[in-house]
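Everything below concerns the one structure shown next.
The values are calculated or read from the model by the stated rules, or taken from the named source; none is laboratory data. These figures come from a predicted structure and were not determined experimentally. Here Cβ is always computed from backbone atoms with ideal geometry, including for glycine, and neighbour counts include all displayed protein chains. These area figures cover heavy atoms from the full protein model, side chains too; ligands, DNA and RNA do not enter into them. Shrake-Rupley method; radii C 1.70, N 1.55, O 1.52, S 1.80 Å.
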Amino acid sequence: MAYALELESEGDDLPSYEIFWRDHYEYLKDRGYTLRRRYEPGWTPSWVYGNKDLVECEDSCVPNHWVVLDATRDDGTYVTLKRVDLIRATQEIEIVKLLSSPEFAEDPKNHCVPILDIIEVDGSNSAFIVMPLLFFTGFAPFETIGEVLEYCRQIFEVNTCPPSIHY
């Protein structure tokens, strides 16, 4: 996540690329997923009225990519939500369902992130894919040489997949 440098104009509470998330805050909450306070309708930036610097405020974090956002599931699990445009990405939902199916999920060569849920937005061309919250592998907290070797083995395995299933 990056930090909000400034709002787009006086009176705006979010940059335009985050409005979609704010507009779906209640919809997602009703389905068991809570977004950061920043996306709650009526949100006021905490750094505006507090004595804290912008970088000290959790609600100053903005997503690095406009289609992916972290959330908290009702049971306290941190998850990642990916917005899917069903018109542009017509087969994405079917592909992730297939790769998360028991047949594929049990394959030791399947290193795809498991899908926890798929939420189709009523009356819209959008859906959300819910996945576990992962972290950037450049900061992986390896504790043993074995973990490093296993990581490298899996990376090389993925990079040697046939072109038909690569990316």
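Just a few scattered comments:
- Residue in region 91-114 that is among the acidic types (Asp, Glu), out of contact with any Leu (no Cβ under 7 Å at 6 or more places or on another chain) and over 26 Å from Glu157 (Cβ atoms) present: no
- When residues of region 98-116 are limited to those that are acidic (Asp, Glu) and assigned to a loop (DSSP other than H, G, I, E, B), the one least open to solvent (accessible area, probe 1.4 Å): Asp107
- Among residues of region 31-52, those that are open to solvent by 70 Å² or more (accessible area, probe 1.4 Å) and under 14 Å from Phe128 (Cα atoms), counted: 1
- Looking only at region 135-151, residues that are surrounded by 10 or more Cβ atoms within 10 Å (Cβ to Cβ) and at pLDDT 80 or above come to 6 in all.
- Every pair of residues 6+ apart whose Cβ atoms lie under 6 Å, when the first sits in region 93-115 and is without any contact (Cβ under 8 Å) to a residue 12 or more places away in the chain and of a type outside the set (A, V, I, L, M) while the second is in a helix (DSSP H, G or I) and open to solvent by 60 Å² or more (accessible area, probe 1.4 Å): Asn110/Phe104
- The C-beta contact set for region 65-89 (first residue within 12 Å of Ile119 (Cβ to Cβ), second residue open to solvent by 50 Å² or more (accessible area, probe 1.4 Å) and among the hydrophobic types (A, V, I, L, M, F, W, C), distance under 7 angstrom, 6+ apart or interchain) comprises Val79/Leu116; Val79/Leu133; Lys82/Val68.
- Answer from Ile95, Ile129, Ile119 - the residue that is assigned to a helix (DSSP H, G or I) and modelled with pLDDT of 85 or more: Ile95
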